[in-house]
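Derivation of every value follows stated rules applied to the coordinates shown; laboratory data play no part. The shown structure was predicted, so the numbers you read here are calculated from the model rather than taken from an experiment. Reconstructed Cβ throughout: ideal geometry from the backbone, glycine too, with neighbour counts over all protein chains shown.
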Amino acid sequence: MEVVPLQPLGKEDVKKLETALLVAALFDPEVIEKIKDPRDRVTWVDSLAVAAAAFARRKAGMTIEQIAEEVGRSETTIRNHLEGKTEAGKIIQKVYEKLVKSKGALEIKMIDESIAEKKIERLKEKLDEFESKLKELIDLFDKIKREIE
């Protein structure tokens, strides 16, 4: 597994961090809920992409003016994302903090809810079976204990 550079040193590192931030943000349960509505999806994805681009470039030491020029957004927009004044900026900041805790290891878990529900149901059935067998063993133990006494 490739480690994401947390303090990018060049354009390639900036692209890696930017991509990791965006991808991880898109798989965040909070974001998945927000982009379910097709009317909001494009706006959300665009805002997250801009916030991730700004954040990665700032971590590489670029100024707000340089970031705005390179990303094609106003300095105010960039500043708002970086300062966490936007929802997208807050989400990207949270994703970055997770990356820092994992020392740059990006782990994305995708769970199909229907598969998870089926697994939970099977586990519940197995638990019921074990509880039934345990009850039988306890009853048998009690019976043997009474016969001995």
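Data overview
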| read-out | value |
| --- | --- |
| Exceeding the 19 Å Cα-Cα cut-off - candidates Lys11/Lys98; Lys11/Lys59; Lys59/Lys90 | Lys11/Lys98 |
| Mean residue ellipticity (222 nm) of the chain, computed from DSSP H runs ≥ 4 via -39,500 (n - 2.57), nearest 500 | -24500 deg cm²/dmol |
| Sequence of Glu131, Glu69 once ranked by neighbouring C-beta atoms within 10 Å, starting from the fewest | Glu131, Glu69 |
| Förster-model FRET efficiency, 30 Å R0, Glu117 and Phe27, C-beta, rounded to 0.05 | 0.95 |
| Modelled FRET efficiency - R0 30 Å, Leu9 with Glu87, Cβ distances, 0.05 increments | 0.50 |
| Sequence-separation-based contact order of the chain, relative, with Cα cut under 8 Å and 6+ spacing, percent | 26 percent |
| Highest-MSF residue in the chain out of Lys118, Lys103, Lys11 [GNM, Cα springs under 10 Å] | Lys118 |
| D (Stokes-Einstein, µm²/s), Kirkwood Cα radius, the range 11-101, 0.890 mPa s at 25 °C | 190 µm²/s |
| Order of Val14, Val23 - criterion: other Cβ atoms within 10 Å of each residue's Cβ, fewest first | Val23, Val14 |
| Residue order, fewest to most surrounding Cβ atoms within 10 angstrom, among Ile120, Ile35, Ile148 | Ile148, Ile120, Ile35 |
| Separation in nanometres of the label points that stand 7 Å from Cα toward Cβ, at Thr43 and Thr19 | 3.0 nm |
